[in-house]
Every structure is written in structure tokens, then in C-alpha cells.
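The values are calculated or read from the model by the stated rules, or taken from the named source; none is laboratory data. Being a predicted model, the structure only gives us computed values, none of them experimental. Here Cβ is always computed from backbone atoms with ideal geometry, including for glycine, and neighbour counts include all displayed protein chains. These area figures cover heavy atoms from the full protein model, side chains too; ligands, DNA and RNA do not enter into them. Shrake-Rupley method; radii C 1.70, N 1.55, O 1.52, S 1.80 Å.
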Amino acid sequence: MALTQLVSEEEIKEQRFFTQRVRAVTHMFDRIPLAYTHSYGCQQNVSDGEKINGMLAEMGYGFTDNPDEADFILYNTCAVRENAENRVFGNLGALKHLKNRNPDLIIAVCGCMVQQGHIADRIKKTFPFVDLVFGTHVLHKFPEYLYSIFAEDKRVFMIPESDGVICEGIPVKRDSDFKASVPIMYGCNNFCTYCIVPYVRGRERSRAPEEIISEVKGLIEKGYREILLLGQNVNSYGKDGSLDFKGLLKELDSLEGEFKISFMTSHPKDCTTELIDTIADSKHISWHLHLPVQSGSNRILKLMNRHYDVEKYLSLVDYARKRIPDIQLTTDIIVGFPSETYEDFRETLKLMERVKYDSAFTFIYSKRSGTKAAEMDDPVSEEEKGKWFRELLEVQGKAGDEAYKKYVGKTLRVLCEGRGRTDESLYTGKSRQNIIVDFNGNEQHIGKFVDVKITKALNWALVGEINE
Ligand code: 5AD
Ligand code: SF4
């Protein structure tokens, strides 16, 4: 089964041929043509964006942050909530005047949002100046589509239905030269009833461990210091293969060098005490578990099709805190799922007070057409949900205020990432727990590990002084 999902050598060769054909076209421009690309949504999508940029670079494009001067504009979209989609529609509308000014401008839209048929139709009808729309399953065919726009001068819409493929060897233009995202699996089989992802990203499929290990090895040799392993549910990595997620982590942890391995996202139904032990016993794995709980009500968890209850979730949290006392625990919460009552919501507050997350990503439920939850009765008003949401932020704010105080006076090893977030004169990085730490660094520290003595705790970051 795994083999048939792999894009064949011939197909990859074919795309290399189209890459060269586009390159021949871009060579004829009187200057290097510029691409403006933007990826919305999660890290997986941002990682796809790095592949798109890699393909563009090979096709002869340079890059710009300014859409006004671009010859090619691409939005790589997200569908997870309605506001993500509305933002894309708004931004697309604003491109009309650029196309009027420069009819040779090519405008493309890809990603999760357009994988939904009704959205692709809407773009076709409402945004006639969009030249190219392609879905998540044909990302690797981007050179072919771009070439056909140059050659045939007509609009291209490619949104095939598919369970998804794995394509190795797509060029990647990474956004950072010390932090790298590495997808280990694609797609999702969980069908949480609120979630569009399984419909737009296809079935779960894992990359071969040899491919991942050799990519990570190469990155570390090139000087990358943080590797972020990506998957919708990393705990089900390699279900049909020889190496499971713990095994993969152990292999990567045994590589030589100073580097950090992080991963996201862990589904609580598949998270095990063995995984926590693997983190605890590791040399390089971040002491950070992002464990989205979504709700503290067992009734709502059941309606969400999450396959765990609050008791199982709390036992994982307790085990993680016991094995790794300095672990950072973060979560995602949805407020206002269909039929949720204030009583259910209070259960979520209770859970948050009990767990005391370091931080939480909180969302108001957004109806996604085609999902099971979209068919459920949803009687609570948006206004009421907004009130609950603010209550939740308040409870989380208090937990966050307390969470980082224990680090004051301690020294943490920090990977410096750039200029400070609390203060422009400071530098910033992340600790092994993935907590943001601002400190008195300099340009030379960027991309390196430094020891920082913590002097102050804010509710979203730590501040400290470098120990040299
Ligand atoms: N409405 C609101 N939030 C959602 N998420 C996923 N789907 C929806 C939806 N329909 C949230 C979940 C998930 C995070 C990535 O986005 O909390 O963990
Ligand atoms: Fe990522 Fe999901 Fe948004 Fe797609 S829909 S970009 S998988 S968050």
C-alpha cells in the first residue's frame, strides 16, 4: 500500500523537465522575475510553502516581500476555520488592481482551502484574475501547471480527489538556516467531527524512516540546530511499517551533534507513557508536549469523536509532569462546539485550572461544511460563545502568570533565533522546553546555543542574562 502512494521516479523526472521549460521562459525576462508567496495556517502548510519556494527558485524566480513588485503571487491557504478563509478572499480581492496594472502577473492559489470543491468554484467565478488553482494532492506538479500557463495562456484548475501521495525529492527553500521543519507523515484518519483536515489532506501516510533519518542527518551536518517533526498525529507514525514514532525519535536522538528535536501534533488518544519515557530519557528531544484536549467535558469529547476521556488525558498529564518536571504543556481548546452547554464549558475551565497549561491556543468553534459537526444543532449564539471565550482567556491568563515563575534564578540552554520580542535591544530564542527567552545577546549568537540565567518571568516569555 505504501508503495502505490509514492510518486514514481518517472513522474518526478517529468516535473524536472517542466522545471527546465519554465526556467527557459524566465531566462527570457529582462530581469530575474520575482515571486511573492504566503502560506497561511499550520506548520505543515508552511512546510509545503517551503517546497513551493524551492520549486520556484529552480524555475528561475527570485523572491520579494512586496506583492506590488511581484511577477508571480501565490497564496497557500488554510481551511481550518472560516476566518482563515475570509482572510484569503479579502487578500485575493485586493490583487485585482495589481492584475489590471500588470496583465502578465500570474496569480495562484493552492492549499487546504481550495481542496474543497465549493471554494475552487467560488474562486473560478468570483476572481477571474486568478490564473492557477491547485489542491493539496498535486503540489509536486506545480512546475507542470505553471508551464502550461506560459504555454497555453489559459486558466488552470487542478483539484483531484485523492487519498494522498508521498513525493520525495521536491526541492525545499527553507525560511531559516538553523531551524528546519521535516514532515514525517501526511494526512489524517481521525475524523474529529469538527475538523476539515481529513477531507482536504487525505489519509494518513508515513514517510520511510530512512528518508527522514537521512534528511535530518543532512540538516544537522549543514548546521541546522532545531528540527521540527511534523504530522497531524505523529503518534500514529509508521503504523504499517517497522519503526513507530518512539523508535524514530530514538534513532534521531542518537545522531551526533548539539541540536533540538521538537514535534507536533500529538493526539491524546495515541499518546503513551512510553512516548513520555522516550522524551524523558533523550538527549535532544524538547521537553514540550503539545497535547490538544479540545474540551474538558466527556460528553463533548464523545461528540467530537476524540476517543479519550478527561480521566485518560489527566493521567497522561500527571505522568508527563512526574517523569519530566520541567515539561512545557500546551493545548488547543475549542469553545462552543455544537450543543455545548455552559455546564460543559465549565468542565473545560475546571480542567484548565487543574492542568495549569503553560499556554493554550483557544478557538471559537467554526462550522466547516462537509464535517459531521456541521450537521449538528448549534443553538448557542456567537455572542454567548464570545463571553465563554473571554472567560477561558482569563482562566488561562492566570495559569500562564504562574507557570514560568519557577524558572527565575535557573540557567536554561537557549537556541538564539534573532531580535528580542519584549525589547528590540534584546535577542530571543527558545529553551529546551520551547519557552521563549529574551536576553542580552548579539548577532553572533543567532543560530547558536547559549546559557541564559533567568531574571524575570512574564506570562508568555522569560527574560534573562547570558552566561558566557
Ligand atoms: N473550529 C474551531 N477550531 C478548530 N480547530 C480545528 N477545527 C476547528 C473548527 N472547526 C482547532 C483545533 C485544532 C487546531 C489546530 O484548530 O483546536 O487542534
Ligand atoms: Fe494546516 Fe489544517 Fe489549516 Fe490545512 S486546514 S493548513 S492542515 S491547519
- Any chance you could check the Cα centroid distance between segment 222-274 and segment 66-107 for me, in angstrom? 35
- Only Lys, Arg (+1) and Asp, Glu (-1) charged, at Cβ; segment 80-233 dipole about Cα centre in debye: 500
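Given a cut-off of 19 Å, name the pairs among 312/350; 322/430; 51/179; 173/246 whose C-alpha atoms lie farther apart than that in the structure shown.
Numbers: 312/350 15 Å; 322/430 23 Å; 51/179 15 Å; 173/246 29 Å.
Those over the limit are 322/430; 173/246.
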- Task: Past 25 Å, Cα to Cα, is the threshold; run 250/448; 260/367; 125/367 against it and keep the listed order.
- Result: 260/367
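Round to a whole number: what % of the accessible area of the chain belongs to carbon and sulfur, probe 1.4 Å? Spell out each step's value before the answer.
Working: 10460 of 21050 Å².
The nonpolar share, carbon plus sulfur, comes to 50 percent.
Which whole-number percent is the relative contact order of segment 1-60 (Cα, under 8 Å, 6+ apart)?
41
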- Item | Distance in nm between pseudo-label sites at residue 253 and residue 449 (7 Å out along the Cβ direction from Cα) | 1.5
- Task: May I ask you to compute the full-extension gain from residue 269 to residue 426, defined as 0.36 nm times their residue separation minus their alpha-carbon distance, rounded to one decimal in nm?
- Result: 52.5 nm
- Message: Please compute the volume of the convex hull spanned by the alpha-carbon atoms of segment 267-406 and report it per residue in Å³.
- Response: 106
- Item | From phi via Karplus (6.51, -1.76, 1.60), per-residue ³J(HN,Hα) for segment 231-236 in Hz, x at Gly/Pro | x, 5, 8, 4, 5, 9
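Stretched out fully, how many nm does the piece from residue 410 to residue 162 gain, at 0.36 nm a residue minus the Cα gap? Present the calculation step by step, with values, prior to reporting the outcome.
Values: separation 248, 0.36 × 248 = 89.28 nm, distance 5.08 nm.
Extra length available between residue 410 and residue 162 comes to 84.2 nm.
Based solely on its DSSP helices, what 222 nm [θ] is calculated for the chain when runs of n ≥ 4 H residues each add -39,500 (n - 2.57) and the sum is averaged over all residues, nearest 500 deg cm²/dmol?
Numbers: 15 runs with 170 residues, N = 468.
Using -39500 (n - 2.57) per qualifying helix, the result is -11000 deg cm²/dmol.
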- Note on the structure: If amide H atoms are modeled at 1.01 Å from N in the peptide plane, then the residues at a separation of 5 or more from residue 39, or on another chain, having amide H under 5 Å from its own are 76
- What residues have an amide H closer than 5 Å to that of residue 361, excluding those fewer than 5 places away on the same chain, when H is modeled at 1.01 Å from N in the peptide plane? 331, 332, 333
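Just order 49-62, 352-365, 12-25, 381-394 by mean Cβ neighbour count inside 10 Å, highest at the front, would you?
On the way: 49-62: 20.5, 352-365: 17.8, 12-25: 16.3, 381-394: 13.9.
Sorting 49-62, 352-365, 12-25, 381-394 by mean packing, highest first, produces 49-62, 352-365, 12-25, 381-394.
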- Place +1 on the Cβ of every Lys and Arg and -1 on the Cβ of every Asp and Glu in the chain, take the dipole about the Cα centre, and give the residue among 458, 228, 276 whose Cα lies farthest towards its positive end. 458
- Hey, what do the phi angles of segment 128-136 turn into as Karplus ³J(HN,Hα) couplings, whole Hz, using 6.51/-1.76/1.60 and θ = phi - 60°, x for Gly and Pro? x, 8, 7, 8, 9, 10, 9, x, 5
- Once phi is turned into ³J(HN,Hα) by the Karplus curve 6.51 cos²θ - 1.76 cosθ + 1.60 with θ = phi - 60°, what whole-Hz value does each residue of segment 452-468 show in order, with x for glycine and proline? 10, 8, 7, 10, 8, 10, 9, 7, 10, 6, 10, 10, x, 10, 6, 9, 10
- If amide H atoms are modeled at 1.01 Å from N in the peptide plane, then the residues at a separation of 5 or more from residue 462, or on another chain, having amide H under 5 Å from its own are 436, 437, 438
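Restricting to Cα pairs below 8 Å that are 6+ residues apart, what does the relative contact order work out to for the chain? Please round to a whole percent. Don't skip to the answer; put the middle values down first.
Working: 883 pairs, mean separation 47.0, N = 468.
Over the chain, the number comes to 10 percent.
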- Task: Using the charge dipole of segment 371-468 (Lys, Arg: +1 at Cβ; Asp, Glu: -1 at Cβ; taken about the Cα centre), state which of 389, 440, 399 has its Cα farthest towards the positive end.
- Result: 440
- Message: Not counting ligands, DNA or RNA, and with a 1.4 Å probe, what is residue 166's accessible surface area in Å² rounded to the nearest 10?
- Response: 10
- Item | 10 °C / 1.306 mPa s Stokes-Einstein diffusion coefficient of the chain, Kirkwood radius on C-alpha pairs, µm²/s | 67
- Query: Once fully extended, how much extra length lies between residue 152 and residue 176, figured as 0.36 nm per residue of separation less the alpha-carbon to alpha-carbon distance?
  - Reply: 5.1 nm
- Debye, to nearest 20: dipole size of the chain, +1 on Lys, Arg Cβ, -1 on Asp, Glu Cβ: 440
- Note on the structure: accessible surface per residue for the chain, probe 1.4 Å, DNA/RNA/ligands not counted, whole Å² -> 45
